[in-house]
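Each remark here refers to the structure printed beneath this line.
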Amino acid sequence: MKHKGLSGKPLTSNIPYGYKKAIDEKGNTLWVVDDETAPIVREIFRLYVDEHLSFIEIARNISGKGIIIPNVRKGRKVSGEADVWNDQTVKNILSNQVYCGDTVNFKTEKISFKDQRRINHNPSEWKIFEDTHQAIISRELFEQVKKLFSEHRKNRTFGLQNPLRYFLFCFDCNSRMYARRFQDEDKNVYVCHKNCTSHPRQCSSHSVREKYLYDLLIEKLNKLIEIKNNDPQKFRELIYAERLNNTQNLTDRSSRRLLEIDSEIDILQNRIKKIYIEKENGELSYPVFSALAEQFAKDIETLKYERIEITRKLNEIKKSNDNLKIFLLSIDKFDKIYYNDLNEVFLSKILEKILVEERTVKYSRVPPIVHIHFLGIGEISFI
Ligand SMILES: [Zn+2]
């Protein structure tokens, strides 16, 4: 076995998806390109490199079209539909060097003759033999995919570590959400801070998968961009209407209250003047005057505080006009948004906050309700 592997002959009896077995004139077994499945392999590489689709998006793209998944073709039993692909299968195909014509041996090894379980070897222990069979994709394309893989990983783990965390809040207690990270990054979740070890049981977990949040955000942004590209004028009208709708009530109520406060302060100041005159005329004793005047002054003070608070809120709404411009400018640069575009800087120009509700059914696999508040707009109801 070892000798065979070192000679560059494939050790696996599993023919990779995209190939089929053939026998040459000397009776040797060969892998040749399978015209039925090789185009699917090429399509998967194309969708990843040219269309920038994620593994799951590629899987969705080719599912349900009668394209039988590799496991079923190999005669294995699967629980789901035979033509429903998953992200792992897509990832396996994209990372298999076999498709550029190479044989990679010693990727795994049986623990022993008695123990048939396999262990994974480090890539440094792999033995690679170039051009041992027909290629389905070019070597350049495979290298490009390898580079994209490492960029993708770097972006997710080092360069832009969990940029969503700045925007995530628990819907119920308003605490920040913290990332719980896993080896398999697609399993990363965010949970309410008040459910973390330092705050046991002050709030429920509100757990939400990071991957789900990204997918949701990308889906909503791309819907917006589609509307914008179809009719830029209509898009602006919709967005401004949405913003107005989100802020109108608050603005109206605040403006009305400001007028009320002014007239209440007027009334109180007039009362102070009146009791002063009454005191001067001897109609009111000094202790009574003093107590009343103190009370009125306190009431005026309280109203002035309220006025400052409301003015601050109204200014924030005015500022959100500038924020809306930042939002519109930021998404204007895109025809389509991809995972790698969602870095911290871009997110800070399009997001105000994301609120995560608790699931109504505990441990349900249905994702929780998520409220995305876009910068300068708030929630957008039409996407
Ligand atoms: Zn909470």
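The H on the amide N of Phe374, modeled in the peptide plane, is under 5 Å from the matching H of Glu352, Glu379, Ile380, each at least 5 residues off or on a different chain.
Summed over qualifying helices (DSSP H, 4 residues or more, each -39500 (n - 2.57)) and divided by its residue number, the chain shows a 222 nm mean residue ellipticity of -15500 deg cm²/dmol. The distance between label points at Leu259 and Ile128 comes to 7.5 nm (points 7 Å beyond Cα on the Cα→Cβ vector). Compared with the dominant Cα axis of the chain, that is its longest principal axis, helix 232-280 is turned about 20°. In terms of packing, defined here as the mean over residues of other Cβ atoms within 10 angstrom, the peptides 240-247, 64-71, 120-127 line up highest first as 240-247, 64-71, 120-127.
Highest mobility in the GNM of the chain, judged by mean-square fluctuation with C-alpha springs under 10 Å and restricted to Glu316, Glu278, Glu344, is found for Glu278. When the chain is treated as a Gaussian network with alpha carbon springs shorter than 10 Å, the biggest mean-square fluctuation among Asp102, Asp186, Asp299 belongs to Asp299. With a cap of 10 neighbouring Cβ atoms within 10 Å, and only residues DSSP puts in a loop, list the chymotrypsin sites (Phe, Trp or Tyr not before Pro) found in the range 332-383. Those that pass, being in a loop and sparsely packed, are Tyr363, Phe382. Close amide H partners of His121, meaning residues 5 or more places away or on another chain with modelled amide H under 5 Å apart, are Thr108, Glu109. Using C-alpha pairs below 8 Å separated by at least 6 residues, the relative contact order for the range 224-383 is 27 percent. Of all DSSP-defined beta bridges confined to the chain, some 90% are antiparallel rather than parallel.
Just check the chain against the gyration tensor rule for me: Cα atoms, a ≥ b ≥ c as the square roots of the eigenvalues, rounded for a/c under 1.5, and otherwise prolate or oblate depending on whether a/b exceeds b/c. Prolate is the answer for the chain, as a/c is 1.5 or above and a/b outweighs b/c.
Please work out whether the range 189-265 counts as rounded, prolate or oblate from its C-alpha gyration tensor, where a ≥ b ≥ c are the square roots of the eigenvalues and a/c under 1.5 means rounded, while otherwise a/b larger than b/c means prolate and anything else oblate? It comes out oblate by the Cα gyration axes.
Between the helical axis of 286-332 and the longest alpha-carbon principal axis of the chain there is an angle of about 30 degrees. May I ask which of Lys146/Lys187; Lys211/Lys319; Lys146/Lys353 have a Cα-Cα span longer than 25 Å here? Beyond 25 Å between Cα atoms: Lys211/Lys319; Lys146/Lys353.
Read-outs throughout are calculated quantities, based only on the coordinates presented, and are distinct from any laboratory measurement. This structure is a prediction, so every number in the text was calculated from the model and none was measured. Ideal geometry is used to build each Cβ from the backbone, glycine not excepted, and the neighbour counts take in all protein chains shown.
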